[in-house]
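Student: What follows is a structure written as structure tokens; I'll ask about it next.
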Amino acid sequence: MVRIELLINNKLGLHARAAGKFVKVASRFASEIWLRKGENRVNGKSIMGILTLAAAKGETVFIEVEGPDEEKALNALKDVVLSGFGENG
């Protein structure tokens, strides 16, 4: 299992469009992907699950990945979050 802690840096946080982008990337991988905020851990391939985290700008989330392509998945998802889900800029 690989894991990373990241700061949500886009203006609107993990709203529907950002969650959709995360899920779109996550779904390309065979590994299990989890997104965690505090004590809440949800399936990273579930838009509804991600929305329940209500992660706002400035909050920290953890991405946890386990499976055959875990390193590639983690790097791709890290890039999505660090890019502000394509909304910054």
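The values are calculated or read from the model by the stated rules, or taken from the named source; none is laboratory data. Because the structure is predicted, anything quoted here is derived from the model rather than measured. Cβ: placed from backbone, ideal geometry, glycine included. Neighbour counts: every protein chain shown.
Student: Restricting to the stretch 16-35, and then to whatever is touching a residue at least 12 places away in the same chain (Cβ under 8 Å) and out of contact with any helix residue (DSSP H, G or I) (no Cβ under 8 Å at 6 or more places or on another chain), can you tell me which residue is farthest from Val81 (Cα to Cα)? So that I can check it myself, show each step before the final result.
Tutor: Filtering the stretch 16-35 for residues touching a residue at least 12 places away in the same chain (Cβ under 8 Å) gives 16-23, 25-35.
The next check asks that each one be out of contact with any helix residue (DSSP H, G or I) (no Cβ under 8 Å at 6 or more places or on another chain); those that pass are 27, 30, 32, 34.
Numbers: Ser27: 15, Ala30: 20, Glu32: 18, Trp34: 14 Å.
Filtering the stretch 16-35 for residues that are touching a residue at least 12 places away in the same chain (Cβ under 8 Å) and out of contact with any helix residue (DSSP H, G or I) (no Cβ under 8 Å at 6 or more places or on another chain), the one farthest from Val81 (Cα to Cα) comes out as Ala30.
Student: Let me confirm something: among Val80, Val61, Val23, which residue is surrounded by 18 or more Cβ atoms within 10 Å (Cβ to Cβ) and more than 17 Å from Arg3 (Cβ to Cβ)?
Tutor: Selected residue: Val23, the only one of Val80, Val61, Val23 that is surrounded by 18 or more Cβ atoms within 10 Å (Cβ to Cβ) and more than 17 Å from Arg3 (Cβ to Cβ).
Student: How many residues does the stretch 56-89 hold that are under 13 Å from the mean Cα position of the chain (by Cα), at pLDDT 95 or above, more than 15 Å from Ala26 (Cβ to Cβ) and not β-branched (Val, Ile, Thr)?
Tutor: 2
Student: Determine whether the stretch 33-45 contains at least one residue that is modelled with pLDDT of 95 or more, within 10 Å of the chain's Cα centre (by Cα) and of a type in the set (S, T, N, Q).
Tutor: Yes, the stretch 33-45 contains a residue that is modelled with pLDDT of 95 or more, within 10 Å of the chain's Cα centre (by Cα) and of a type in the set (S, T, N, Q).
Student: Can you find a residue that is part of a strand (DSSP E or B) and polar (S, T, N, Q) anywhere in the stretch 7-22?
Tutor: No: zero hits.
Student: On the given criteria, is Glu70 among the charged types (D, E, K, R) and surrounded by 15 or more Cβ atoms within 10 Å (Cβ to Cβ)?
Tutor: Here the answer is yes, as Glu70 does meet what is asked.
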